[in-house]
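Trainee: Below you'll find the structure I mean.
The values are calculated or read from the model by the stated rules, or taken from the named source; none is laboratory data. Here the structure is a predicted model, which means the values were calculated and not measured. Note that each Cβ is placed from the backbone with ideal geometry, even for glycine, and that neighbours are counted across all protein chains shown. Keep in mind that these areas ignore ligands, DNA and RNA; they rest on the heavy atoms of the full protein, side chains included. Shrake-Rupley method; radii C 1.70, N 1.55, O 1.52, S 1.80 Å.
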Amino acid sequence: MRPKTLDEFVGQAAVVGPGKPLRESIERGTIGSLILWGPPGSGKTTLGHLVAHFTDREFVPFSAVTEGVPRVREIIAEAATRLEMGRGTILFVDEIHRFNRAQQDAFLPAVESGVVTLIGATTENPSFELNSALLSRARVVVLEPLGPDDIVLVLRRALTDADRGLGSWSLEVDDEALRWLAVESDGDARRALNVLEAAAEHAGRGATLTVEALRDALQRRVARYDKTGEEHYNLISAYHKALRGSDPQGALYWLARMIDGGEDPMYIARRTIRFASEDVGLADPQALSVALAARDAFHTLGSPEGELALAEAAVYLATAPKSNRVYKAWGEAMEAAREYPAELVPLHIRNAPTSLMKELGYGRGYQYAHNVPDAYLPQRYLPDALEGTTFYEPGTFGFERDIAKRMAWWKELRERAGNTPAGEGGRTSDVEERG
């Protein structure tokens, strides 16, 4: 059922619809090197064949899964000979991301010199999988998953086309069954056609294909997830952002998608711990404990029992008050440490374990906070160059409201203390004297 013309090509109207630049280039036969990026069954290989149909160039298919660099060299040598005779070559590389970056370099000289026009098809993000030199010489075309209406159209064509499809089988399939299969195929036309064919072969000619018959042929939907590819990063990003956005429904869904897709649950647990300290912080100090406990629970129980602990942590974090004040404060403190890497520790807060150090003034004037009922004595703790700097400002949610009140009270005590130089006055405590 592979389309033979651009008018038969279903979906991707934004890319190859009437009047689109890529379509006009294909129809003129002046297409340059392309990288076709899209999910399985979205039309990458079909588009490659259609390019060949509209061009006078030789179309040479190549699989990066089953063939290697020696075959690439053979194709390029043949293309060079063909070019001398006045005809160009289109090299269609399926699954181009299966070549590592060093192997991809084999294409560069021929693409650069125009010996071949490269069309690469990939399901993986080219910015992750293809080297920059290759990307700079090819246009990246993004293909989207087909919509249910598109797949229904593909299935109806297959049921009525007697030459390429099942038209001679006299099958009956109602709209509900076709719509069900279109949705269950997750945008993959190839999967939809395979299921339809399997159901037809099981039911036989003249049969009526119901939802139940198609469900038996489909067996189980496969999660679109690759724990080493782009979807790995997309789904963990979606999970993290749902937590940050206080949406427990989204957090649970993306968590389930990752678990069902085969992601390492301990990776999810580590990211959950990170979220607790980065996005919840001191708005709810218990959040970090919950995340750590979920990791430990999964480590103890394993799958599937331990997954519930991860779900519990996800709901807790999604519904917790949020604050990134500690995260920001830590970043600013690190910047200050790098900008001022050699500031001296003020004398009054230096350690003084020896008599010589005491004679030099180490520890002199330090005030021991526990010597007063409120356990707070105003004094200076930053070096001279950073005196007065504020890294951490508490937020207005959750536990940080209490911290803000406490810090405001300490500020008031400092103001009451007046302008006494920090680190001077007061006595060194006996506890501190003993080290």
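Trainee: With a 1.4 Å probe and all protein chains kept in place, how do V93, V69 rank by accessible area, largest first?
Mentor: Ranked from most to least accessible, the order is V69, V93.
Trainee: At a 1.4 Å probe, what is the % contribution of carbon and sulfur to the accessible area of the chain?
Mentor: 52 percent
Trainee: How much length would be gained if the chain were fully extended between S289 and W169, taking 0.36 nm per residue of separation minus their Cα-Cα distance, in nm to one decimal?
Mentor: 36.9 nm
Trainee: Now for a different question. List the aspartates and glutamates whose Cα sits under 13 Å from the Cα of K44, skipping any in the same chain fewer than 8 residues away.
Mentor: Hits, sequence-local ones excluded: D94, E95, E124, E144, D188.
Trainee: Excluding residues on the same chain fewer than 8 positions from K241, give the aspartates and glutamates whose Cα lies under 14 Å from its Cα.
Mentor: E278, D279
Trainee: Can I ask one more? Mind giving me the nanometre distance, one decimal, between the label points for A369 and R179, set 7 Å out from Cα along Cα→Cβ?
Mentor: 6.6 nm
Trainee: Here are some pairs, K328/K358; K328/K405; K328/K411; K322/K405; which of them have Cα atoms lying more than 27 Å apart in this structure?
Mentor: Where the Cα-Cα span goes over 27 Å, the pairs concerned are K328/K358.
Trainee: Here is a follow-up. Summing +1 for each Lys or Arg and -1 for each Asp or Glu, what net charge is found among the other residues whose Cβ lies under 11 Å from the Cβ of V173?
Mentor: So the environment of V173 carries a net charge of -2.
Trainee: Probe of 1.4 angstrom, ligands and nucleic acids ignored: what's the accessible area per residue over the chain, in square angstrom?
Mentor: Counting only protein heavy atoms, the per-residue value for the chain is 54 Å².
Trainee: Provide the per-residue ³J(HN,Hα) series for the stretch 298-305, in order, calculated from phi with Karplus coefficients 6.51, -1.76, 1.60 and θ = phi - 60°, each as a whole number of Hz, with x at glycine and proline positions.
Mentor: Each residue of the stretch 298-305 in turn: 5, 4, 7, 8, x, 8, x, 4 Hz.
Trainee: To the nearest 20 Debye, how big is the dipole of the chain about its Cα centre, given +1 on the beta carbon of each Lys and Arg and -1 on that of each Asp and Glu?
Mentor: 740 debye
Trainee: Compute the FRET efficiency between R414 and R274 as 1/(1 + (r/R0)^6), taking r as their Cβ-Cβ distance and R0 = 41 Å, and round to the nearest 0.05.
Mentor: 0.75
Trainee: Divide by every residue of the chain the summed helix terms, -39500 (n - 2.57) for each DSSP H run of at least 4, and state the resulting mean residue ellipticity at 222 nm, rounded to the nearest 500 deg cm²/dmol.
Mentor: -14500 deg cm²/dmol
Trainee: Taking only C-alpha pairs under 8 Å that are 6+ residues apart, what is the relative contact order of the chain in percent?
Mentor: RCO, the chain: 11 percent.
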